[in-house]
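The structure appears below as structure tokens.
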Amino acid sequence: MRLETKYYYLRISDFLKTGLFEMKNPYHFHGGNSPLLISMPHAGTTIPQDIARDMTPYALQRPDVDWHLPVLYDMAQACDASVLCAEYMRYVI
């Protein structure tokens, strides 16, 4: 017997419209004039309440957040770099 696997692809913009939760401003962007883009996808800390209520106390401590990246790349604006930083914690995405 052969099992058929189906893959469903959903663009993030479509996912945000599904009504599962409302994700406003999923990232922060500072545009610089140099060709350098610094991306911090795991520095987000926001967890919507409807997701947080199902999480364990340990997960709510946000142990997987890259807490030091914003401090490490604090020099980005001085270098006129563009910075893209997540608002939501990786557990949400």
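Structure above, values below:
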quantity: Protein accessible area in region 37-93, 1.4 Å probe - carbon and sulfur %; calculated: 56
quantity: Residues whose placed amide H lies under 5 Å from that of G32, excluding near-sequence neighbours; calculated: S82, V83
quantity: Extended-chain gain in nm, criterion 0.36 nm per residue less alpha-carbon gap, S34 and R53; calculated: 2.7 nm
quantity: Contour minus Cα-Cα distance for H42 and Q77 (0.36 nm per residue); calculated: 10.7 nm
quantity: Gain upon complete extension [M23, I93; 0.36 nm per residue less C-alpha separation]; calculated: 24.2 nm
quantity: Ordering of 30-37, 80-87 by burial proxy (mean other Cβ atoms within 10 Å per residue, highest first); calculated: 80-87, 30-37
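The values are calculated or read from the model by the stated rules, or taken from the named source; none is laboratory data. What you see is a predicted model; the values in this text were computed from it and never measured. Note that each Cβ is placed from the backbone with ideal geometry, even for glycine, and that neighbours are counted across all protein chains shown. Note: accessible area is taken over every heavy atom of the protein model, side chains too, but ligands, DNA and RNA are not part of it. Shrake-Rupley method; radii C 1.70, N 1.55, O 1.52, S 1.80 Å.
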